[in-house]
Amino acid sequence: MAVLAFNTPEMFESHFSVPMTGGVINTINTRLDAETVGYILDHGKVRVAIVDRQLYPVYKAALEFAESRPQLVVIDDPAAGERPDVEIPHHSYESLISSGNPDFSWQPPEDEWQAIALNYTSGTTGRPKGGLSPPGLLSDEYGHRDRLEPAESPPIPVLCTHVSL
């Protein structure tokens, strides 16, 4: 599942909800051009794309470079400065979330190497390169933080677009 969105609550929620459903999250850098986004949609075999309405023009243009036609879910931020019309069939993010089962019981990955995130380089020297991240790898890299004293562990601001949980 690809997410083309700004650092909004929906982006944050997706970092948890997608892996909790057994999916692999693929956050797409909002600064990429349409051709590169189209390449990522195809290469990542994206079946569902969550797209911020403000970024819909980039997504629509990316479809001209892509063979895949993911189901579209639109984030509709009422405070957004730009609200372009979405001409292709889509679901609303909020209606999708509100139709969910409140008693859903998620299952953790079957093994610590099961992929939960697919991240791409920006492609500055050619086509972007994709890399899968399993939760085991992430816990190895960041697991030490729970053993540090609070004074030794300053908060680290990280853009959600560049790191998947």
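The values are calculated or read from the model by the stated rules, or taken from the named source; none is laboratory data. What you see is a predicted model, and the numbers here were worked out from it, not measured in a lab. Every residue, glycine among them, receives a Cβ derived from its backbone with ideal geometry; neighbour counts consider all protein chains shown.
Given the conditions (1) of a type in the set (A, V, I, L, M); (2) more than 11 Å from the chain's Cα centre (by Cα); (3) surrounded by fewer than 18 Cβ atoms within 10 Å (Cβ to Cβ), which single one is not true for VAL48? If we test VAL48 against (1) of a type in the set (A, V, I, L, M); (2) more than 11 Å from the chain's Cα centre (by Cα); (3) surrounded by fewer than 18 Cβ atoms within 10 Å (Cβ to Cβ), just (2) comes out false. Taking first residues from segment 123-138 that are modelled with pLDDT of 70 or more and partners that are in a helix (DSSP H, G or I), the Cβ contacts under 7 Å between residues at least 6 apart in sequence or on separate chains come to GLY123/THR36; ARG127/TYR39; PRO128/THR36; PRO128/TYR39; PRO128/ILE40; GLY130/HIS43. With respect to (1) surrounded by 12 or more Cβ atoms within 10 Å (Cβ to Cβ); (2) at pLDDT 90 or above; (3) over 22 Å from VAL48 (Cβ atoms); (4) not hydrophobic (A, V, I, L, M, F, W, C), the lone exception for ASP103 is condition (1).
Could you tell me which of the residues SER92, SER68 is more than 17 Å from VAL37 (Cβ to Cβ), surrounded by 12 or more Cβ atoms within 10 Å (Cβ to Cβ) and of a type in the set (Ser, Thr, Tyr)?
Numbers: SER68 fails: more than 17 Å from VAL37 (Cβ to Cβ).
Result: SER92 is the single residue among SER92, SER68 that is more than 17 Å from VAL37 (Cβ to Cβ), surrounded by 12 or more Cβ atoms within 10 Å (Cβ to Cβ) and of a type in the set (Ser, Thr, Tyr).
(1) at pLDDT below 85; (2) surrounded by 15 or more Cβ atoms within 10 Å (Cβ to Cβ); (3) of a type in the set (Lys, Arg): which one isn't true of LYS60, the others all being true? Here LYS60 meets the rest and fails (1). In segment 22-34, the condition of being touching an Asp or Glu at 6+ places or on another chain (Cβ under 8 Å), loosely packed, with under 15 Cβ neighbours inside 10 Å and modelled with pLDDT of 95 or more is met by no residue.
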